[in-house]
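**Student:** Please see the structure below; I have some questions.
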Amino acid sequence: MEVYLDNSATTKSFEDVAQLVATIMCRDYGNPSSLHNKGMEAEQYVRQAKEIIAKNLKVNEKEIFFTSGGTEADNIALIGSAMANYRAGRHMITTGIEHPAVLQTMRYLEEQGFKVTYLPVDRNGAIRLEDLQNAITRDTILVSIMHTNNEIGTLQPIAEAGNLIKKINPNVIFHVDAVQGFGKFRIYPKRMNIDLLSVSGHKIHGPKGVGFLYINEKIKIKPIVYGGGQQQGMRSGTENVPGIAGIARAVENIYGNLDEEVERLYGLKEYFIDGVEKIDQVRINGRKGRDGAPHIVSVSIRGVRSEVMLHALEEKGIYVSAGSACAARKPQTSETLKAIGVEKDLLHSTIRFSFSIFTTKEEIDYTLQAMYDTIPMLRKYARR
């Protein structure tokens, strides 16, 4: 039996998404900038994709810009905002548990002379709004806070943060990395005071190598890629038409049945946590209930190293993660786990399980039984 529980790293594509991508690559393969019919067919796919995504976000189509994924979207958001607004200030705010695509970009901007404040989090991984309020200064030009933590599933108070930021200074740009939250929650940037929103296709059963960035038309931002002037000059380069059509189809599929699927995921999460907590000396990191993400469960298993547990489960056909797949191929100490106060001996004994709409109760039962059988044996060997 094969059980894939690493959906925060990537997801299996919808069948109709894969078919659509193949059709465009092999039949409707024109360049959307070409003036002939093949180009116009390709351009229509891009236009329809913008319509679909904009409708689900309740924003304008011209505010959607396609990228190669979440990492590029984050880079455009942060670097583009910094370069366009540095005369207004050189201070930026983020959290200490962001995805590397944000944290590494912030460190780059620090090297360019910007000052960055890293907000602390509580034991569940959430920021405190008073910390955010105290961090904003007259020199602040941007705040970047992830919607859903990719390791422990913490949901940040995005709407409250957006309201607070704009109340203090309407000119401060609010960026949200929604790579893990989009497709699990309804996110409306206009209502939540979000100016920039990053999304990745392969986290929502779409293709790899494509994502998008919502950019509020009222903010100042500069491109970081120059060339042919595609996408209003914000992101030059021939559009990835198969990927763009694919991500739009995935958005349609996900949001067409969102409430029912999210409810089912929460049920699987609760069932899994109940089963895991029957194991001696385990810790669930982050919030266990419905105030956390429906698809992510972080489990620290005392006495068993992460990579040992990962490969033991892999031998039974179960695929999980030892942390963020984007940080490095070799497991590293998690900044998120350190930030929430996980004991030192558990930092390298933590496994992330992440579910998708394809995950079944039978797969959860199989995984729990594998853990019941495997963990006592691994602990026994570890003590030798």
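**Student:** Before I look further, what does region 212-343 give for accessible area per residue, probe 1.4 Å, in whole square angstrom?
**Tutor:** 46 Å²
**Student:** At most 15 other Cβ atoms within 10 Å and a DSSP loop assignment: could you name the trypsin sites (Lys or Arg not before Pro) in region 78-180 that fit?
**Tutor:** Here the sparse-neighbourhood loop sites are Arg87, Arg123, Arg128, Arg138.
**Student:** Is the shape of region 1-154 rounded, prolate or oblate, going by the alpha carbon gyration tensor and its root eigenvalues a ≥ b ≥ c, with a/c under 1.5 for rounded and a/b larger than b/c for prolate?
**Tutor:** It comes out oblate by the Cα gyration axes.
**Student:** For the chain, take the longest principal axis of its alpha carbons; what is the angle in degrees between that and the long axis of helix 361-382, to the nearest 10 within 0 to 90?
**Tutor:** That helix lies at roughly 60 degrees to the long axis.
**Student:** Here's something else I'd like to know. Could you work out the relative contact order of the chain? I mean the mean sequence separation of Cα pairs under 8 Å and 6+ apart, divided by the number of residues, in percent.
**Tutor:** About 23 percent, as a whole number.
**Student:** Let me ask you something else. How high is the relative contact order of region 146-277, given as a whole-number percent (alpha carbon pairs under 8 Å, six or more residues apart)?
**Tutor:** Computed value for region 146-277: 18 percent relative contact order.
**Student:** For the residue pair Lys190 and Arg290, what label-to-label distance in nm results when each label sits 7 Å from Cα along the Cα-to-beta-carbon direction?
**Tutor:** Label at Lys190, label at Arg290, 2.8 nm between them.
**Student:** Can you tally the net charge around Ile93? Count Lys and Arg as +1, Asp and Glu as -1, for every other residue whose Cβ sits under 10 Å from the Cβ of Ile93.
**Tutor:** Combined, the nearby Lys, Arg, Asp and Glu give 0.
**Student:** To the nearest 0.05, how large is the calculated FRET efficiency for Asp131 and Glu270 if R₀ is 25 Å and r is the Cβ-Cβ distance?
**Tutor:** 0.25
**Student:** Treating the angle as unsigned and between 0 and 90°, give the value, to the nearest 10°, between the Cα long axis of helix 15-26 and the longest Cα principal axis of the chain.
**Tutor:** 40 degrees
**Student:** Can you bin region 181-254 into rounded, prolate or oblate? Criterion: square roots of the alpha carbon gyration tensor eigenvalues sorted a ≥ b ≥ c, rounded for a/c under 1.5, prolate for a/b above b/c, oblate for the rest.
**Tutor:** Oblate shape, in that a/c is at least 1.5 and b/c is the bigger or equal ratio.
**Student:** With n ≥ 4 as the cut-off for DSSP H runs, can you work out [θ] at 222 nm for the chain, using -39500 (n - 2.57) per run divided by the number of residues, rounded to the nearest 500?
**Tutor:** -12500 deg cm²/dmol, from helical runs alone.
**Student:** So if I take the centroid of the Cα atoms in region 239-258 and the same for region 137-209, what is the distance between those two points in Å?
**Tutor:** 20 Å
**Student:** Round to a whole number: what % of the accessible area of region 1-128 belongs to carbon and sulfur, probe 1.4 Å?
**Tutor:** The nonpolar share, carbon plus sulfur, comes to 50 percent.
**Student:** Still on this structure: Using the structure shown, list the pairs from Lys58/Lys361; Lys62/Lys167; Lys218/Lys269; Lys50/Lys361; Lys115/Lys338 with a Cα-Cα distance above 29 Å, or answer none.
**Tutor:** Table pairs above 29 Å Cα-Cα are Lys58/Lys361; Lys218/Lys269; Lys50/Lys361.
**Student:** Within region 235-332, report the GluC sites (Glu not before Pro) that DSSP leaves as loop and that have at most 10 other Cβ atoms within 10 Å.
**Tutor:** Counting only loop positions with at most 10 other Cβ atoms within 10 Å, the GluC sites (Glu not before Pro) in region 235-332 are Glu315.
**Student:** Quick check: net charge around Ser33, other residues with Cβ under 12 Å of its Cβ, Lys/Arg +1 and Asp/Glu -1?
**Tutor:** Counting the neighbours of Ser33, the net charge comes to -1.
**Student:** In degrees from 0 to 90, rounded to the nearest 10, what is the angle of the helix 70-85 Cα long axis to the longest principal axis of the chain?
**Tutor:** 50 degrees
**Student:** Shifting gears a bit: Which of the three applies to the chain, rounded, prolate or oblate, going by the alpha-carbon gyration tensor with a ≥ b ≥ c and a/c under 1.5 meaning rounded?
**Tutor:** Oblate, since a/c reaches 1.5 and b/c is not below a/b.
**Student:** What is the distance, in nm, between label points placed 7 Å from the Cα along the Cα-to-Cβ direction at Lys58 and at Glu307?
**Tutor:** Label at Lys58, label at Glu307, 4.8 nm between them.
**Student:** Just to confirm, what accessible area per residue do you get for region 1-121 at 1.4 Å probe, in whole Å²?
**Tutor:** That works out to 46 Å² per residue.
**Student:** Just the number please: accessible area per residue for region 144-200, 1.4 Å probe, all protein chains included, in Å².
**Tutor:** 28 Å²
**Student:** Defining a contact as two alpha carbons under 8 Å apart and six or more residues distant in sequence, what relative contact order in percent does region 255-384 show?
**Tutor:** 30 percent.
The values are calculated or read from the model by the stated rules, or taken from the named source; none is laboratory data. If you're wondering where the values come from, they're calculated on a predicted model, not measured in any experiment. Neighbour counts run over all protein chains shown; Cβ positions are idealised from the backbone, glycine included. Calculation scope for accessible area: heavy atoms of the full protein, side chains included, ligands and nucleic acids excluded. Shrake-Rupley method; radii C 1.70, N 1.55, O 1.52, S 1.80 Å.
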